[in-house]
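Everything on this sheet refers to the single structure shown next.
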Amino acid sequence: MQRSEQSVSEPPAVLGGFEQSVGLLDFQQIRSQLASYTRTVMGREAGLSLAPSRDLMEVASRQQ
């Protein structure tokens, strides 16, 4: 499909199949495993609320 024909509601395919990767990684299971290592309720809630990001600048700033 050419760029001019792409639907407005259809998100562009960026970062090599980001949605497919999140599904393959089963991100919900990763969050649950992370939350199981926390010691406080606040830590558990923070772990369960994590979400993957497509924004490379956001990812870089979170890693610092």
Segment 16-34, residues that are touching a residue at least 12 places away in the same chain (Cβ under 8 Å) and either surrounded by 14 or more Cβ atoms within 10 Å (Cβ to Cβ) or closer than 19 Å to ARG62 by Cα (or both): PHE18, VAL22, PHE27, ARG31, LEU34
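Okay, residues lined up against (1) modelled with pLDDT of 85 or more; (2) among the aromatic types (Phe, Trp, Tyr); (3) in a loop (DSSP other than H, G, I, E, B):
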residue: PRO11; (1), (2), (3): no, no, yes
residue: VAL22; (1), (2), (3): no, no, no
residue: ARG31; (1), (2), (3): yes, no, no
residue: ALA35; (1), (2), (3): yes, no, no
residue: MET42; (1), (2), (3): yes, no, no
residue: LEU50; (1), (2), (3): yes, no, yes
residue: MET57; (1), (2), (3): yes, no, no
residue: ALA60; (1), (2), (3): yes, no, no
Note on segment 35-49: residues surrounded by fewer than 13 Cβ atoms within 10 Å (Cβ to Cβ) and farther than 18 Å from ARG62 by Cα are SER36, TYR37, ARG39, THR40, VAL41, MET42
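The values are calculated or read from the model by the stated rules, or taken from the named source; none is laboratory data. Owing to the predicted nature of the structure, the values given are computational and were not obtained by experimental measurement. Backbone-built Cβ (ideal geometry, glycine too); neighbour counts: all protein chains shown.
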